[in-house]
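Visitor: Take this structure, written in C-alpha cells, and hold onto it; I'll ask about it next.
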Amino acid sequence: MSEKRIKFLFYKEYINKNLSKKIKPLITEKAIFTNISNNYYTFIFPIYFNKKEISKYLQRVYRIKITKLHTNIYSKKKRNKRILKKTFSGIKLKKFKKAFFKVKDF
C-alpha cells in the first residue's frame with residue numbers, strides 16, 4: 001500500500017470514530033420545517049471548525065453538494081438551582097457552533 005492510501009485510511013477512521021460523536025444533526029420543529037420548505041439542514045459542530053472544513057466534512061461523509069452555508073456560535077448558558085434556601089450555579093451547555101446549509105437539488 002502506498003503512503004497516501006495509508007494516510008487516507010487513518011484519516012477516514014479518525015473521522016468515523018472521533019468526529020461522529022461531536023457532530024450531530026439538530027432535530028427540532030424549526031429545523032425540520034426549514035428542511036421541508038427550503039431544503040436547509042442544521043448540524044452542530046465543534047467551535048474550531050471553519051466554513052471550509054465544515055463543507056469538506058459534509059461532502060466527504062454525506063456525499064452532498066452544498067450551495068449555501070451559514071454558521072452561528074452559541075456561548076455557554078448558566079443555570080442556577082435553588083435547594084433548601086441555597087443557590088447552586090453551574091454551566092448547562094458548552095460553546096458550540098451551529099451550521100445551516102442548503103443542499104443542491106437533485
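The values are calculated or read from the model by the stated rules, or taken from the named source; none is laboratory data. Quick caveat: nothing in here was measured; it's all calculated off a predicted structure. Heads up, the Cβs are rebuilt from the backbone with ideal geometry, glycines too, and the neighbour counts pull from every protein chain shown. Accessible surface areas use protein heavy atoms only, side chains included; no ligands, DNA or RNA. Shrake-Rupley method; radii C 1.70, N 1.55, O 1.52, S 1.80 Å.
Visitor: Anything over 28 Å Cα to Cα? Flag those among Lys65/Lys94; Lys22/Lys77; Lys51/Lys94; Lys78/Lys102, in the order listed. Kindly include the intermediate steps, with their values, before the conclusion.
Guide: Numbers: Lys65/Lys94 30 Å; Lys22/Lys77 19 Å; Lys51/Lys94 20 Å; Lys78/Lys102 32 Å.
Beyond 28 Å between Cα atoms: Lys65/Lys94; Lys78/Lys102.
Visitor: For a quick check of your reading of the filter: which trypsin sites (Lys or Arg not before Pro) in the range 34-76 sit in a DSSP loop and have no more than 13 other Cβ atoms within 10 Å?
Guide: On the way: sites: Lys51, Lys52, Lys56, Arg60, Arg63, Lys65, Lys68, Lys76; in loops: Arg63, Lys65, Lys76.
Within the range 34-76, the qualifying trypsin sites (Lys or Arg not before Pro) (loop, at most 13 other Cβ atoms within 10 Å) are Arg63, Lys65, Lys76.
Visitor: Now for a separate question. Using a probe radius of 1.4 Å on heavy atoms only, what accessible surface per residue do you get for the range 48-89? Whole Å² is fine. Before the final figure, lay out the partial values.
Guide: Values: 3990 Å² over 42 residues.
Roughly 95 Å² per residue, with all protein chains present.
Visitor: Testing the spin-label approximation: label points 7 Å from Cα along Cα→Cβ at Lys95 and Lys65. State their distance in nm.
Guide: Computed distance between label sites Lys95 and Lys65 equals 3.5 nm.
Visitor: How much length is gained if the chain between Leu84 and Ile32 is pulled fully straight, taking 0.36 nm per residue apart and subtracting their Cα-Cα distance, in nm to one decimal?
Guide: On the way: separation 52, 0.36 × 52 = 18.72 nm, distance 4.09 nm.
Full-extension gain reported as 14.6 nm.
Visitor: Can you give the accessible area of Ser75 in Å² (nearest 10), computed on protein heavy atoms with a 1.4 Å probe?
Guide: In the full protein context, Ser75 sits at about 70 Å².
Visitor: Which value, in Å² rounded to 10, gives the accessible area of Leu26 with a 1.4 Å probe and all protein chains present?
Guide: Surface open to solvent at Leu26 totals about 50 Å².
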